[in-house]
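Here the structure comes first, spelled out in structure tokens, and everything after it is commentary.
The values are calculated or read from the model by the stated rules, or taken from the named source; none is laboratory data. Given the structure is predicted, the values throughout are model-derived calculations rather than measurements. Cβ: placed from backbone, ideal geometry, glycine included. Neighbour counts: every protein chain shown. We work out accessible area using only protein heavy atoms, side chains counted, and drop any ligands, DNA or RNA first. Shrake-Rupley method; radii C 1.70, N 1.55, O 1.52, S 1.80 Å.
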Amino acid sequence: MATATTNGPKTRIALDGISETLLWTLYHRAMEARRPDAVLDDPVGVELLDAIDYPFERRFGKADMGSAQGQALRALTFDRQIREFLDAHPDGTAVALGEGLETQFWRVDNGRMRWLTVDLPEIVDLRRRLLPHEERMRAVACSALDERWMDEVDPSRGVIVTAQGLLMYLQPAEVRMLIARCAARFPGGTLVLDSVPRWFSAQTVKGRVKTREGFVAPPMPWGMDASERWKLHGAHPNIVEIQDQALARGRGFFYTRVAPHAHLIPVVRSRRPSITVIRFGPGTAGE
Ligand SMILES: C[S@@+](CC[C@H](N)C(=O)[O-])C[C@H]1O[C@@H](n2cnc3c(N)ncnc32)[C@H](O)[C@@H]1O
């Protein structure tokens, strides 16, 4: 359920379930972005946070700077994948599945690309109320599991699909089906996704991931250890490459010396949250 009402210059928002987590990510990302030494430049995100009337601190706790930087670096890692794609396909289409209140369009826009937001109807509505309208931006109000959004993508100028902070909330079979459909529908395209390790997924399913303030993370039924990402090859024959994408380098010991090299550290390398880039071959659409 989502409600948004005007409260003076601010919009009061109430969300629950998985959708509420978009406020968690926005809060942390924007709190990092407002630092003078921020790892992410996100003025639209900062403005958006200020425009929302929601008890961020009471619900999620004080934005601890480790989590805030982590969220910002995750976003930056996705931004870099999109920028790399746009260097090769300046008129291409970026599809943001489960985009929530991400403000990535304004961070990566090259003035030519097309953008497609896919999220649940109440969230697409929230974006319309809270974010500027851009001509090259469209939105489809449906589940990422609904193929309707795929019909809205023009694949002729290149496609990158991102699923940032989404797939862990889906069932494993749904994730596999979504990857397979993307591989079939977007030959030559790229899918960038992040995942939580199995141990963390299990903790969320038991309701054990919570803040001191009482916010309980919703169940994340899809967990994938980084060491088993090769299994995704089996989702569709048009998957030609699967790569681990290291987290962008940040500030401080952990985000300069540990997190960007986590894929090399024994034990940790398999049991960490990770970002995966999947490339599709030229197989014919509808394969
Ligand atoms: C953790 S938030 C991530 C938001 C954004 N991508 C970010 O990184 O800040 C999860 C998002 O997924 C959306 N979502 C949940 N289930 C979905 C589904 N089946 N299809 C599309 N979006 C979904 C929620 O509404 C929410 O916007």
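See the values below:
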| quantity | calculated |
| --- | --- |
| Overall dimensions of segment 71-280 by Cα: Rg and Dmax, Å | 16.9, 49 |
| Test item: Cα-centred dipole of the chain, Lys/Arg +1 and Asp/Glu -1 on Cβ, debye | 920 |
| Number of Lys pairs (Cα under 29 Å; 8 or more positions apart or on different chains) in the chain | 5 |
| Accessible surface of ARG148 - all protein chains present, 1.4 Å probe, nearest 10 Å² | 130 |
| Heavy-atom accessible area per residue - segment 3-69, 1.4 Å, Å² | 47 |
| Options PRO219, SER143, LEU178, ranked by Cα towards positive dipole end of segment 71-280, top entry (Cβ charges) | PRO219 |
| Rg ratio (alpha-carbon, reference 2.2 N^0.38 Å) - segment 193-257 | 1.44 |
| The chain, accessible surface, carbon-and-sulfur percent (1.4 angstrom probe) | 53 |
| Per residue accessible area of segment 71-280, 1.4 Å probe, in Å² | 44 |
| Simple label model, 7 Å out from Cα along Cβ direction - LYS62 to ARG128, nm | 4.0 |
